Amino acid sequence: MPRNLCSSPVAMAFVTKFRVDAEMIAKQLHVPTENILGLAAEETQYGQGRIAKEHNNYFSMHAPAPLQAGEAPVQGAINVKVATYLSFLQSGKSFAARFGSAVYDKEDPNAFAQALMRSGYNSGDPRTGGRAGFERYLVDIIGTIKARMSC
């Protein structure tokens, strides 16, 4: 295990804090826990992003979304709102309700990322609001999360 993966306080705190909730969602979707934690880490910079901190939205769910507690405007975006949640678990259940059928049984990180792209979760194209290199970036984070779960 590379020492630096286990010594990142922010990343390790994220894994520790949300592992049990991510495991519940992962079991529901028949995917490894690291797929769910990795996606949440990718979307929130390990929980440091404003939408995660202020709105408990760990999966970048736009409003309206299943199970949302409310909604909030996106800074700098006209007519775009994000869903707000009471917890990581509620945010994850919302993700599962909306995108679960797309990723169900996608244990392989590449297949998981590709399914998300096909579902419209992230296009991988910045011109349409996606992240350039989304698939590779998510696969790498899932691998890193898996390693951190062993620390």
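The values are calculated or read from the model by the stated rules, or taken from the named source; none is laboratory data. Computed from a predicted model, the values in this text were never measured in an experiment. Virtual Cβ from ideal backbone geometry, glycine too; neighbours counted across all protein chains shown. Calculation scope for accessible area: heavy atoms of the full protein, side chains included, ligands and nucleic acids excluded. Shrake-Rupley method; radii C 1.70, N 1.55, O 1.52, S 1.80 Å.
Quick notes
- Filter result for D105 (at positive phi, open to solvent by 30 Å² or more (accessible area, probe 1.4 Å) and either part of a helix (DSSP H, G or I) or touching a His at 6+ places or on another chain (Cβ under 9 Å) (or both)): yes
- Check on A22, among the small types (G, A, S) and either open to solvent by 50 Å² or more (accessible area, probe 1.4 Å) or over 11 Å from S91 (Cβ atoms) (or both): no
- Entry remark, the stretch 108-129: residues being touching a residue at least 24 places away in the same chain (Cβ under 8 Å) and farther than 25 Å from L67 by Cα number 2 in total.
- Criterion: assigned to a loop (DSSP other than H, G, I, E, B), more than 30 Å from C6 (Cα to Cα) and open to solvent by less than 40 Å² (accessible area, probe 1.4 Å) - qualifying residue of A65, A72, A83: A65
- For beta carbons closer than 9 Å, sequence separation of 6+ or different chains, a first residue in the stretch 132-151 that is over 17 Å from S7 (Cα atoms) and a second that is open to solvent by 70 Å² or more (accessible area, probe 1.4 Å) and basic (K, R), the qualifying pairs are Y137/R131; L138/R131.
- Restricting the stretch 115-151 to residues that are open to solvent by 70 Å² or more (accessible area, probe 1.4 Å) and in a helix (DSSP H, G or I), the residue that is farthest from M61 (Cα to Cα): K146
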